[in-house]
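So the structure is just underneath, and the comments pick up after that.
The values are calculated or read from the model by the stated rules, or taken from the named source; none is laboratory data. As the structure is a computational prediction, the values presented were derived from the model and not from experiment. Neighbour counts are summed over all protein chains in view; Cβ atoms, including those assigned to glycine, are modelled from backbone coordinates with ideal geometry.
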Amino acid sequence: MASVLTLENVNVEGRTVIVRVDVNSPMAPDTKLFLDDTRIKAIVPTLNRLSKSKVVLLAHQSRPGKNDFTSTLGHARELGRILGRPVKWVDDLAGDKAMAAIEVMSDGDILMLNNVRMYDEEINTKGTFEDMAETQMVQKLASVADLFVYDAFACAHRATPSGVGFTNLIPCVAGELMANEIKKLDQALENPARPCIAVLGGVKVDDSIAVADNMLRNDICDEVWVTGGVANLMIELAGNDIGLVNHDFLVGELGKHWYATVEKAKALLADFPDKICLPVDVAANIEDNRVDMSLDQLPVSAPIFDLGIQSIRNLSVAIKQAGTVHLNGPAGVFELPDFALGTIEMLNACAESEGYVVVGGGHTATLIMKRNLASKMGHVSTGGGACLDYISGRSLPAVASLEASARAFSMETQSSTNTL
């Protein structure tokens, strides 16, 4: 369990507070209008808690070289629209313009600084928390702030100055979104209702294998059900020839991680043969047609794009009977209507389940939002890679930073709320 402090543990009234948020949003290529403002809306609870503070927002949009790499001016305007009050913006990060804008702030003001990834220090600084703290960006901002709030769970697996540079300079606490993520994920990891199953799919096969390894070896889950690229790898390692096109795709996707991932996956199959649930059939894309086939009909020269019908049924039953479900990654190439069946039925089963369903971020979360199923899930994470890292047992730099800051600073508390 993470031992971090939250906004309930500190006095924020009248303070200057730096808040690292993740409002990175999909944008229309031509107009740069937001296609989804979910992440912008997600920071509102934290801003409401800071309504009597001077709030300085650090944020990013995309990364250099991408079509949607822009300033954060549009984000400030959209946030202001959502809040119903002005959100100031400055075309600067830690220079004279930013410092001047912070100096004239009043309690209740919100100022968004420019895209942190437009500045070399954010992109190029590597190393320890101390190395991050030595950047000019962090030094200048820390000198005018009383508190740092981390509320960007989707970035929590990345060590950057804007995320972990303030660790030992000013008190650092988790924002509402960050605290909720930790609480909900810990709930499903530390004392899950049984039976607990993990449903792991998508093309981040190495990450999913790491999650399976952590969950099975630490008795977090009772079964791991594999779909998507994860299923194709496990089917092959279990002794089935999946066809050269499918094998080569996996090798290409895993790249330098191929051998390590295969060794870890083989060990799981050997150590937990009764707990890893493989598909019994698959659906291949043969000349743009869905063709379902059992495993004994393999190999196939066409790409495998989905679970087969019987496997979809089996997975749906398992989900509905589970007390806890960890879901991460689609079951197939859901972008193609003929191969969306496995993913759609998997999500429907989660929505109908009476168990506690935790959904990782990324494509799966987006699909759930589009299908208006979020209210029927226990928790839909805002972080893809961060969620995978957390449930695989890896240390997240942002969480480690918050824990280190909690140890380093003796903080004024407003309540007897314990750390998370």
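When every residue of region 350-373 is checked against the conditions, none turns out to be more than 18 Å from Ala318 (Cβ to Cβ), modelled with pLDDT of 95 or more, not in a loop (DSSP other than H, G, I, E, B) and not hydrophobic (A, V, I, L, M, F, W, C). Taking the criterion of being touching a strand residue (DSSP E or B) at 6+ places or on another chain (Cβ under 7 Å) and either under 14 Å from Trp225 (Cβ atoms) or of a type outside the set (A, V, I, L, M) (or both), the residues of region 283-315 that qualify are Asn285, Arg290, Asp292, Ser294, Pro303, Phe305, Asp306, Leu307, Gly308, Gln310, Ser311, Leu315. Restricting attention to region 128-150, the residues that are buried (at least 24 other Cβ atoms within 10 Å of the Cβ), within 21 Å of Met118 (Cβ to Cβ) and touching a Gly at 6+ places or on another chain (Cβ under 6 Å) add up to 2. When you check Lys275 against the structure, is it touching a residue at least 40 places away in the same chain (Cβ under 8 Å) and within 27 Å of the chain's Cα centre (by Cα), yes or no? Considered against the rule, which asks whether it is touching a residue at least 40 places away in the same chain (Cβ under 8 Å) and within 27 Å of the chain's Cα centre (by Cα), Lys275 comes out as yes. Within the option set Ala238, Ala198, being touching a helix residue (DSSP H, G or I) at 6+ places or on another chain (Cβ under 7 Å), in contact (Cβ under 8 Å) with a residue 12 or more places away in the chain and over 21 Å from Pro330 (Cα atoms) holds for one residue only, Ala238.
Of the residues contained in region 108-131, none is found to be aromatic (Phe, Trp, Tyr), within 20 Å of Val23 (Cα to Cα), assigned by TED's automatic domain parsing to the domain that holds Lys52 and under 22 Å from the mean Cα position of the chain (by Cα).
So is His60 buried (at least 20 other Cβ atoms within 10 Å of the Cβ) and either among the charged types (D, E, K, R) or not in a loop (DSSP other than H, G, I, E, B) (or both) or not? No. Residue count for region 101-128 satisfying the condition of being closer than 29 Å to Gly84 by Cβ and either assigned to a loop (DSSP other than H, G, I, E, B) or free of Cβ contacts under 8 Å to residues at least 12 places away in the same chain (or both): 9. State whether one or more residues within region 376-386 are under 30 Å from Phe129 (Cα atoms) and part of a helix (DSSP H, G or I). Yes, that holds for at least one residue. I'd like to know if region 374-384 contains one or more residues that are buried (at least 22 other Cβ atoms within 10 Å of the Cβ), out of contact with any Lys or Arg (no Cβ under 9 Å at 6 or more places or on another chain) and in contact (Cβ under 8 Å) with a residue 60 or more places away in the chain. Within region 374-384, one or more residues are buried (at least 22 other Cβ atoms within 10 Å of the Cβ), out of contact with any Lys or Arg (no Cβ under 9 Å at 6 or more places or on another chain) and in contact (Cβ under 8 Å) with a residue 60 or more places away in the chain. Taken over region 322-348, the residue count meeting the criterion of being of a type outside the set (A, V, I, L, M), within 17 Å of Val280 (Cα to Cα) and either assigned to a helix (DSSP H, G or I) or not assigned by TED's automatic domain parsing to the domain that holds Ile312 (or both) is 4. When the strands (runs of 3 or more DSSP E) confined to region 159-252 are screened for residues that are in the same structural domain as Val116 (by TED's automatic domain parsing) and aliphatic (A, V, I, L, M), those reaching at least 2 such residues are found at 172-174.
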